[in-house]
Amino acid sequence: MGKKDRITVQDIADALSLSRNTVSKALNNQYVPPRTRERVLSAAIEMGYKSYGTVASTDLDKKHLRIVLITSKHLMTMTFFIQLVRAIELRLDEMDNVELLQFTVSKAFFFDRLVDYLHENAVDGIICIELFGADYVPRLISLGFPTVFFDFPIYLSVSGNYDVVLPESFTSVKNFCLTLIRERGIRSLGFVGDYTHCTSFYERFLAMREALFLAGMEYDADCSFIEKDSFPYGDPEALARALARTQIPECYICANDTIAVSVIRALKLLRKRVPRDVMVAGFDNLPEAKNCDPALTTFNVDKTGLGRKLLDVLLARIGRPREKSQVIYLQSKQILRQTT
């Protein structure tokens with residue numbers, strides 16, 4: 001049988017074993033389950049329905065989109081995330097067809113509640129921030145909603161109807177550590193923080209170890225404190241007691257600025273002078289990094305750029321759900337201060 005000159009809605013419905021009404025809704029940007037919409041749009045493109053491959057990407061400019069931000073933390077109490085969410089909101093102010101909702105995962109969270117929420121609100125896409133739980137992230141991904149993650153769990157490979165946006169960590173931290181070793185004569189480095197918390201923490205930990213390897217030095221696990229997140233890293237007294245039981249190195253690389261500031265205070269309790277006895281470096285360039293005593297060496301993260309990128313990447317994912325997953329890094333910049 002020769003190829004049809006004109007593909008109809010019924011042809012797509014027959015090919016997918018769907019009703020004509022369902023296909024029509026998907027093509028006209030009315031709500032259908034995300035996986036069904038993806039199947040219909042893909043079939044429309046492949047079958048050549050009304051040059052749909054060129055039309056589909058522009059439809060987003062006309063459709064009212066509903067996006068939900070899902071998190072496990074109270075973001076507006078955390079400086080880094082206040083700036084990140086504000087950047088998303090400012091980007092939304094430039095649009096008139098995108099609505100932002102928020103859903104917070106609590107300790108008493110039941111996954112079925114989230115599924116119901118997504119369907120009841122006819123959600124088009126998801127932004128995940130500080131969402132790493134092994135008990136629900138894989139299940140969330142399996143729902144098939146277009147999704148973008150700010151950072152990502154280390155136990156999952158990146159493959160599906162989602163993308164990941166995060167600050168570049170590995171090269172920046174590795175080069176910084178190599179400079180300390182080669183130019184400052186540092187002979188021992190330790191890491192502080194749960195490196196399994198997320199991909200960014202893991203990359204910072206690996207970067208420190210890579211620098212030691214490239215310099216021909218061995219990694220001494222006794223110089224690091226890498227307890228799980230349940231440890232009260234923000235309590236200088238508890239951290240001081242923990243560090244006192246380890247081999248204190250010449251320099252601590254910390255998972256982020258919040259932990260680094262706590263390390264500085266803990267070292268003071270141990271009568272260690274920063275940076276004369278121990279150097280400390282953080283990550284994120286939070287206001288407290290500049291204001292602590294001594295001022296903290298860190299890496300600046302473009303929070304505004306990250307927020308805008310999250311939204312832009314998600315909108316692109318909604319328009320092209322069959323695209324391969326991407327991991328997108330935004331450049332970080334080293335800021336040298338008094339702690340090194």
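Along each principal axis, taking the top coordinate minus the bottom one, the Cα set of the stretch 170-282 gives 34, 31, 21 Å in descending order.
With neighbour counts taken as other beta-carbon atoms within 10 Å, the residues 73, 309, 25 rank, fewest first, as 73, 25, 309. Bridge orientation summary for the chain: considering DSSP beta bridges with both residues in this region, about 10 percent are antiparallel. Largest first, the three principal axis extents of the alpha carbons in the stretch 254-340 are 57, 17, 15 Å in whole numbers.
Relative to the longest principal axis of the Cα atoms of the chain, the long axis of helix 303-319 makes an angle of roughly 30 degrees.
Each other residue within a Cβ distance under 10 Å of residue 129 adds +1 if Lys or Arg and -1 if Asp or Glu, for a net charge of -1.
Kindly put 218, 168 in sequence by how many other C-beta atoms sit within 10 Å of each C-beta, fewest to most. Walk me through the intermediate numbers first.
Numbers: 218 9, 168 17.
Taking fewest neighbouring Cβ atoms as first place, the list is 218, 168.
When only Cα pairs under 8 Å and 6 or more residues apart are kept, what is the percent relative contact order across the chain?
Values: 599 pairs, mean separation 59.8, N = 340.
The value is 18 percent.
Report D for the chain in µm² per second (integer): Stokes-Einstein, Kirkwood Rh on Cα pairs, 20 °C, 1.002 mPa s. Using the Kirkwood radius from Cα pairs, D works out to 97 µm²/s.
What ranking do 185-193, 158-166 get when scored by the average of other Cβ atoms within 10 Å per residue, highest first? It would help to have the intermediate numbers written out before the result.
Numbers: 185-193: 21.2, 158-166: 19.2.
So the order, starting with the most tightly packed, is 185-193, 158-166.
Only the coordinates and a few stated rules stand behind these numbers; no lab work does. From a predicted model like this one, the values you see are computed outputs, not experimental measurements. Because the Cβ atoms are built from the backbone with ideal geometry, glycine has one as well, and the counts that use them run over all protein chains shown.
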